[in-house]
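The values are calculated or read from the model by the stated rules, or taken from the named source; none is laboratory data. Every value quoted in this text rests on a predicted model; they were computed, and no experiment measured them. Positions of Cβ are backbone-derived with ideal geometry, glycine not excepted, and every protein chain shown enters the neighbour counts.
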Amino acid sequence: KNRIAVMTSGGDSPGMNGCVRAVVRKSLAQGCESYCIYEGYEGLVRGGDLIKQMRWEDVRGLLSEGGTSIGTARCKAFTERPGRLKAAKNMIDKGINALIICGGDGSLTGADTFRGEWPGLLEELVSSGEITPEQRNEFQHLNIVGLVGSIDNDFADTDATIGCYSSLARICESVDSIDATASSHQRAFVIEVMGRHCGWLALMAGVSTGADFIFIPENPPAQNWEDQMCGIIKKHREFGKRKTIVIVAEGAIDSELKQISPTQVKDLLSNRLKLDTRITTLGHVQRGGTPCAYDRQLSTLQGVEAVMAVLDATPETPSKFIAIIENKIIRSPLIEAVALTQEVAKAIAAKDFKRAMDLRGPEFAE
Ligand code: ADP
């Protein structure tokens, strides 16, 4: 009998709860046993109470809750082999033979490493007498499927990560609130948004709120950006605009790869354009709150697909993750997507910004 466990790992995102609910219920509906691993890889390494069997009603009400109610963590132990050895032992103790992980590229890379090492880990557990040879034969293959949960929308080969549209909606609401006060006082606001090394949230928030200027890592501004930005904002003011909004992605850089800080931008607007300028760092409000309808349906459809992918997998199938491309939920090879995701950072480091934007997707083209 298949025993399928689900966990959330890395940074939390709205919709992770929807994944947990969908995976638990689809597993049960398919006649499998369902388990949740609490606190990400920490729970897998520590085992015991952190691995719990789930019933249908245990995930009631989760669809509309933000964050992840089974907890998430960053776990150093799992990045080293002895930690993964403990994790393997805990899984076998509970009889778990499949793992569905909802997390970012770090979490999914870790999962693939774990799967690759699995036969060796089992041999080691047999030699130390921690599991029997019969158990090794029974649990020979570990089945892994990834779900991409991240507010940053920074994963290659999928149009949207679970949580990015909720976060974008929250950013837009916040910028709208700032707009009202900015217009009233004719102020300028420099707004820093999350996204780590990805500019998707900043770019889409800029388009969605009609910002005057944005800074993103994939497309650094021209060398004379100070003149350029001030020129554009001055022109907007001359057209009669009573407010100024500049959005700075947390990973924003200039063409020499030096970080661009909100303070730097604020000083320019205050000193050169004499605008009454404030900085707002949106911070963690961007992560929390109720998932939007899109993230509820994406997490549900992808969670269901993840269970089906587990049931269809053979020992030869490479690890998969569930993507959405042009509105279709599909299974894709995990490791290729992780490598492609890492290509963006390499392209930026090599100052090949055109490639960085091409890799990110069509919305970066303009
Ligand atoms: P995200 O999944 O959001 O990218 P992290 O990169 O922090 O977040 O990864 C979350 C956790 O996944 C880490 O704390 C670690 O336990 C595990 N992990 C990340 N990268 C690896 C790796 N290369 N090998 C093994 N485990 C990893």
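Values for this structure:
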{"read-out": "Residue in the range 80-98 that is surrounded by fewer than 16 Cβ atoms within 10 Å (Cβ to Cβ), touching a residue at least 12 places away in the same chain (Cβ under 8 Å) and over 26 Å from Ser27 (Cα atoms) present", "value": "yes"}
{"read-out": "Filter pass, Leu44 being more than 16 Å from the ligand (Cβ to nearest atom), assigned to a helix (DSSP H, G or I) and either over 13 Å from Ser107 (Cβ atoms) or in contact with a Phe, Trp or Tyr (Cβ under 9 Å, 6 or more places away or on another chain) (or both)", "value": "no"}
{"read-out": "Residues being within 27 Å of Ser27 (Cα to Cα), among the charged types (D, E, K, R) and not in a loop (DSSP other than H, G, I, E, B) - total across the range 128-174", "value": "3"}
{"read-out": "Unmet criterion (only one of (1) within 23 Å of Ala309 (Cβ to Cβ); (2) in a helix (DSSP H, G or I); (3) at pLDDT 95 or above) for Gly116", "value": "(3)"}
{"read-out": "Residue count, the range 299-331 (criterion: touching a Pro at 6+ places or on another chain (Cβ under 9 Å) and more than 26 Å from Pro119 (Cα to Cα))", "value": "1"}
{"read-out": "Residues satisfying the stated conditions in the range 79-117, i.e. within 19 Å of the chain's Cα centre (by Cα) and either more than 7 Å from the ligand (Cβ to nearest atom) or not hydroxyl-bearing (Ser, Thr, Tyr) (or both)", "value": "Leu99, Ile100, Ile101, Cys102, Gly103, Gly104, Asp105, Gly106, Leu108, Gly110, Ala111, Asp112"}
{"read-out": "Hits in the range 234-252 (condition: within 16 Å of Ile178 (Cβ to Cβ) and among the hydrophobic types (A, V, I, L, M, F, W, C))", "value": "Ile245, Val246, Ile247, Val248"}
{"read-out": "Flag for Leu125 being outside any helix (DSSP H, G or I), touching a residue at least 40 places away in the same chain (Cβ under 8 Å) and more than 9 Å from the ligand (Cβ to nearest atom)", "value": "no"}
{"read-out": "Selected residue (criterion: nearest to the ligand (Cβ to nearest atom)) from residues of the range 148-174 that are among the acidic types (Asp, Glu) and under 19 Å from Thr209 (Cβ atoms)", "value": "Asp152"}
{"read-out": "Some residue of the range 64-78 being assigned to a helix (DSSP H, G or I), under 26 Å from Pro133 (Cα atoms), away from the ligand (no atom under 12 Å from the Cβ) and touching a residue at least 24 places away in the same chain (Cβ under 8 Å)", "value": "no"}
{"read-out": "Matching residues in the range 21-41 - criterion: being part of a helix (DSSP H, G or I) and in contact (Cβ under 8 Å) with a residue 24 or more places away in the chain", "value": "Arg21, Ala22, Val23, Val24, Arg25, Lys26, Ser27, Leu28, Gly40, Tyr41"}
{"read-out": "Of all residues in the range 336-364 being part of a loop (DSSP other than H, G, I, E, B) and not acidic (Asp, Glu), the one that is modelled with the lowest pLDDT", "value": "Gly361"}
